[in-house]
Protein chains: 2
Amino acid sequence: MSDTNIIIKNDPKLECDIALIENANFNLESGEVLKNLKIAFKTFGQLNNKKTNAILVCHALTGDQYVSGTNPLTGREGWWSKMVGPNKPVDTNKFYVICSNVIGGCSGSTGPKEINDKNSEIYGGDFPSITIKDMVNAQSLLVDKLNIKKLFSVIGGSMGAMQALQWAIDYPEKISNVIHIAGALKHSAQNIAFHEVGRQAIMNDPVWKNGKYFESNERPERGLSVARMIAHITYLSEDAMHRKFGRKLQSRDIISFGFDADFQVESYLRYQGKSFVERFDANSYLYLTRAMDYFDHDDTFKKKIEFSHKPNNHIKYLIVSFTSDWLFPTTESKIIVNNLNNLARQVSFLEIETDKGHDSFLLDEPQLDSLINGFLISNFGKINE
Amino acid sequence: MSDTNIIIKNDPKLECDIALIENANFNLESGEVLKNLKIAFKTFGQLNNKKTNAILVCHALTGDQYVSGTNPLTGREGWWSKMVGPNKPVDTNKFYVICSNVIGGCSGSTGPKEINDKNSEIYGGDFPSITIKDMVNAQSLLVDKLNIKKLFSVIGGSMGAMQALQWAIDYPEKISNVIHIAGALKHSAQNIAFHEVGRQAIMNDPVWKNGKYFESNERPERGLSVARMIAHITYLSEDAMHRKFGRKLQSRDIISFGFDADFQVESYLRYQGKSFVERFDANSYLYLTRAMDYFDHDDTFKKKIEFSHKPNNHIKYLIVSFTSDWLFPTTESKIIVNNLNNLARQVSFLEIETDKGHDSFLLDEPQLDSLINGFLISNFGKINE
């Protein structure tokens, strides 16, 4: 697809830019086609003259393009403001950071809550299935449109790590390095199982109506809230839960002998569920979890990297895992590292000791900050020697 | 409470006996009172003349009195038929096995789906909160009524282990030994969290109606099914899921790009959810998970055992855990063992190496079979010397 028919315009309400591919087909891995694709994105910092300082940050399942600064939709800080910004580990005084909402998402990119041009109705359950590869193909179009021949880095954690890995497979000539945090070559049976229960909670909500809830004023909030609560348990470690909550009671001295939130961990989860439904679309949750489930390079990664990378193309990889992450444990990261080592690729690997679980990359982890900053600065120095 | 007003009658439909405590109050830990308490129970084997061979088997969250033989309500084998029966590890040719449905359950004992004598309506959400201690108090009344002064053993896994421990605390003079499998002194924050999400799934089901769903023909099956699916993930280990399912597809060669059950693990979970709602009451699920959450002897166990056991009363303990059980990990069993060792109690402990997770005690684990059989036979020999 040529990039000549892509236009970029600002969306004042979303406080971001929208890349719009007019009158062209965007082909999905499923064989389906999206017309008039929209990619909502934010940029931070300045692209240098040689266009060598661009970094693409890929967001996780419930993330969005508001990686830094203020998210206008929630009024809260961007989801990785501690990592990305002026004088932050990904320093926007030095780097030009791009972050786009994945297709299938719900913050302005084409997804199930957007209008289907075929019938001028909201897609809902008619939205086609999407994959991590599709997300990356869309990002690549955006990068082309921004006249960037080669990204200095693609960075992502969790579902973002899947996208980063897909970049290395599909567009090796367009990236210098990859920072892959808390990810894996494939989604495991247990991870699929947790996603499936979350989806069942949403699809069992009578308000869901096969994804056609936009026709009424109701949203499948109960189902989505339960899905979020399930997922949230998996983002934390048992140790962190124990440290944070233990069996501490909430606003009472003795148990209530009832079904109120007696324990702090209960009210915490209820709050997580409740606040999530205010900012996220239930259908997007279905489509994005499915995309993660479908991600599987377990048997093919080595071969794909071997054949796709040109001999003199040497992507540098930084692979990071967390000791207490039981969704994407260190063993999964090591499989990637072993594959890359077997191909004599340049790979650095660090397992960070923390009890904060999978969500560690979003939380305060000074070791991660200095690791990412060091990796970027030293490699950026090299390409500009 | 005297046992004179307890009558036992057979229930031909449930194919079990019902102990009925007429016109007396059964006091609950919450301060509430149950009238006309019913305890549904099954016995297997014969009580010997000296009444020294009685074993109480305590069931887990979703169990019932049908520990062996055929469950008339499901037509399937009893939940622990591999362990209890003639020539089985708990040999009913030798032992007299009693298994009663816990109060709050849904297989004939007083619980939320039974009639509230106060208003002749089904309890539903009006059923009072119950605790593990309440369950054990009811079992103790039953044991008294059966004229058994001292149980040879109390055996239980998971919620059954909680009951076995409560027996040792509250009725040490009435038991010779305890077999405690896959349990803990307390329910952890993560376990409370998983239970809470299951309860939210049920209570968010619009059919639940504050537990008053018996007034209509509908049951909160969607919520209960999701709750069961969540719980089922926690009963297995990640390794077992990987071995059993991995990323294998269900009845298809390629992914469907949709929300059907593409992966075997998905259809397995859906089946688990679906078949569970046919046999279990959603309100019982709420009350029993709550009873487990409230279980907490973390700070008090040593003191309670120390003060409640008479000097010459020496209960023998067998504590069993499974390497891959992440709901009730070995560390929790070791806390019990350490407490007992500090009091110089007789305690045997074994961690069984298996990848089957928490549910190992219900599955084919020959090491558990021989362990339980050996412990029972050798100790039974001693008391009859």
Task: Among the residues listed as B:SER284, B:SER275, B:SER333, B:SER308, the single one being under 21 Å from B:TRP208 (Cβ atoms) and away from chain A (no Cβ under 14 Å) - done: B:SER275
Task: Matching helices (runs of 4 or more DSSP H) fully within region B:236-297 where at least 1 residues are hydroxyl-bearing (Ser, Thr, Tyr) - done: B:264-279, B:282-294
TODO: With the condition kept exactly as written, say whether any residue in region A:218-237 is touching a strand residue (DSSP E or B) at 6+ places or on another chain (Cβ under 9 Å) and within 11 Å of chain B (Cβ to nearest Cβ).
DONE: yes
- [ ] Please find, within region B:324-349, the residue that is surrounded by the fewest Cβ atoms within 10 Å (Cβ to Cβ) out of those that are touching a strand residue (DSSP E or B) at 6+ places or on another chain (Cβ under 6 Å), in contact (Cβ under 8 Å) with a residue 24 or more places away in the chain and not small (Gly, Ala, Ser).
- [x] B:GLN346
Task: Positions within region A:174-206 being of a type in the set (A, V, I, L, M) and more than 9 Å from chain B (Cβ to nearest Cβ), in sequence order - done: A:ILE175, A:VAL178, A:ILE179, A:ILE181, A:ALA182, A:ALA184, A:LEU185, A:ILE202
Task: Given (1) in contact with a strand residue (DSSP E or B) (Cβ under 7 Å, 6 or more places away or on another chain); (2) surrounded by fewer than 16 Cβ atoms within 10 Å (Cβ to Cβ); (3) within 20 Å of B:TYR287 (Cβ to Cβ), number of the condition B:ILE7 does not satisfy - done: (3)
TODO: Please state which of the following conditions B:THR74 fails to meet, knowing it meets all the rest: (1) among the polar types (S, T, N, Q); (2) in contact (Cβ under 8 Å) with a residue 40 or more places away in the chain; (3) not in a loop (DSSP other than H, G, I, E, B).
DONE: (3)
Open item on the list: Let me spell it out: the conditions are (1) farther than 18 Å from A:ALA231 by Cβ; (2) modelled with pLDDT of 95 or more, and A:PHE259 meets all of them except one. Which number is the exception?
Closed with: (2)
- [ ] Those residues that are assigned to a helix (DSSP H, G or I) and more than 11 Å from chain B (Cβ to nearest Cβ), I need them from region A:207-217; list them, please.
- [x] A:LYS209, A:TYR213, A:PHE214, A:GLU215
Task: Criterion (out of contact with any helix residue (DSSP H, G or I) (no Cβ under 7 Å at 6 or more places or on another chain) and in contact (Cβ under 8 Å) with a residue 24 or more places away in the chain) met by exactly one of A:ALA182, A:ALA201, A:ALA164 - done: A:ALA164
TODO: Could you grab me the full set of residues in region A:85-138 that are at positive phi and in a helix (DSSP H, G or I)?
DONE: A:GLY124
TODO: Search region A:13-32 for residues being assigned to a loop (DSSP other than H, G, I, E, B) and within 19 Å of A:GLY108 (Cα to Cα), and hand back the single one that is farthest from the other protein chains (Cβ to nearest Cβ).
DONE: A:GLU15
Task: Tally of residues being assigned to a loop (DSSP other than H, G, I, E, B) and crowded, with 19+ Cβ neighbours inside 10 Å across region B:37-61 - done: 5
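The values are calculated or read from the model by the stated rules, or taken from the named source; none is laboratory data. Source: prediction; values computed, not measured. All Cβ positions, glycine included, derive from the backbone under ideal geometry; neighbour counts span all protein chains shown.
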